[in-house]
Each structure stands twice: as C-alpha cells, then as structure tokens.
Amino acid sequence: METLPTPLARMSVIKKNIIGFSVVTVGIALTGVVTMGIQPMGWMRTTNVGRLPELAAVQAQLLPLDACEVEYGSRRGSGGRRWIGSQEYAYVTPCGTPSSYRISVRVPSERQVRDVAFDMRRSSVSAPWKILVDKDQTAFPALKQSLEQLAPFLLTQYPIERQKDADLKVRLARERQERKDAERALKEEAKNSYPE
C-alpha cells in the first residue's frame, strides 16, 4: 500500500522550491551587478576624484548647473571592441529625469581634449559632483584641463540646448495633436457625408 505524503512533507517541498528560486535569482542579480561593475567606466573600475583640492574650482563653477549627470569622452564599450561616448559631445542628464534622457551639447573642437573620459554624477543640484574616471585610461592633467575648458561652456550652452529640447517637445506634441484633430475631423466628415 502506497502512503500519501503528508501536508507537512508537501510544504517542505514548496519551501525548498522557493528557497532554490530565491538563491538562483540572487545569483543572477549579483552576476549582473559585477558584470556592470567591470565594464569600462563601471563602478569597479572608476575612482571618484571629485574631492581632490585641485578640482575645487571646477566643483564650485559647476555647482549651479541644473543637471545630475554629465558624460564626456570616448571609452571602450563592453568587450573592448567598439568605442562609446564622444569627444565631440557632452551628454547631460537633468535632475529628476531617467538616465536614458540626455541632452547632447556639442563641444567645439578648441574645447575638446583627447584621451579623456569621465562621468560626473550627483544626487541633487545642491550636492557636490562625483567625478568618476578610470585612472588607468585618463591622466589627471588632461582631466583637469578638460573640466576647466568644459565647465564654463556647459554653464552657457546646456541651458540653451535644454530649451531647444523643450521647444522641440512642445512643437512635436502640438503637431501630433493637430494630426489627431485632422484625423478626427476627417472621420466625422466622412461619416456624415452619406445621405440618410
């Protein structure tokens, strides 16, 4: 005669499955975090040099910038085969927006510095900047020169580019609404064009 498993035995199987699933999920998450950290400009390969006294003037100059992220310079992408980023553009993310929303600020050739890549981040407009660099790839004199050349430029150009972006969004929203209104009017006209 076959005995049926008791409810207690079934419960332990469910608990084992939940624990197993949890361990696998945590393992996958940790693998993802480490993978992101070892990529170029990832958290495991960069150093915050924003507190260096030599960068205090740049910190003070950039404090009023209405942004929470600035990315500048080209660096090798994951796998090391292709390059990402640019010497020609600084990508600025306003505070309170998703990091995927960036405003591109074209950097004139006389302000571009080769062999420099950095990310600047802060939690709010009143917080000091973290200036993250890969010390093996960016020399400090070049970083300092780049920051000193970019800071005044970003303070003047970023608000202009942000306003252009806002104006473009308003224009596109207006055009989209005009198209919807025209489509609605066309449907109404077509529907009412038939004799009763």
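Going by the conditions given, is Lys164 surrounded by 10 or more Cβ atoms within 10 Å (Cβ to Cβ), at pLDDT below 90 and over 21 Å from Gly73 (Cβ atoms)?
no
Here are the criteria: (1) within 23 Å of the chain's Cα centre (by Cα); (2) within 18 Å of Glu71 (Cβ to Cβ). Tell me which single one Ala142 does not satisfy.
(1)
Check whether at least one residue in segment 54-61 is within 22 Å of Gln145 (Cα to Cα) and either touching a Ser or Thr at 6+ places or on another chain (Cβ under 6 Å) or at pLDDT below 65 (or both), and report yes or no.
Filtering segment 54-61 for residues within 22 Å of Gln145 (Cα to Cα) gives 54-61.
In the following step, the residues that additionally are either touching a Ser or Thr at 6+ places or on another chain (Cβ under 6 Å) or at pLDDT below 65 (or both) were identified as none.
No, segment 54-61 contains no residue that is within 22 Å of Gln145 (Cα to Cα) and either touching a Ser or Thr at 6+ places or on another chain (Cβ under 6 Å) or at pLDDT below 65 (or both).
Only one residue in Gly77, Gly73, Gly20 is modelled with pLDDT under 75 and under 30 Å from Thr97 (Cβ atoms), so which one is that?
That would be Gly77, the only listed residue that is modelled with pLDDT under 75 and under 30 Å from Thr97 (Cβ atoms).
Within the group Val92, Val133, Val105, which residue is under 21 Å from Arg51 (Cβ atoms), in contact with a Phe, Trp or Tyr (Cβ under 6 Å, 6 or more places away or on another chain) and modelled with pLDDT of 90 or more?
The match here is Val133.
Enumerate the strands (runs of 3 or more DSSP E) found wholly within segment 54-156, keeping only those where 2 or more residues are open to solvent by 30 Å² or more (accessible area, probe 1.4 Å), closer than 26 Å to Ala166 by Cα and in contact (Cβ under 8 Å) with a residue 12 or more places away in the chain.
Hits in segment 54-156: 69-76, 83-93, 103-106.
The values are calculated or read from the model by the stated rules, or taken from the named source; none is laboratory data. Only a predicted model underlies this, so the values are computations on that prediction, with no experimental measurement involved. Counting neighbours? That spans all protein chains shown, and the Cβs are built from the backbone with ideal geometry, glycine included. Only protein heavy atoms, including side chains, enter the accessible area calculation; ligands, DNA and RNA are left aside. Shrake-Rupley method; radii C 1.70, N 1.55, O 1.52, S 1.80 Å.
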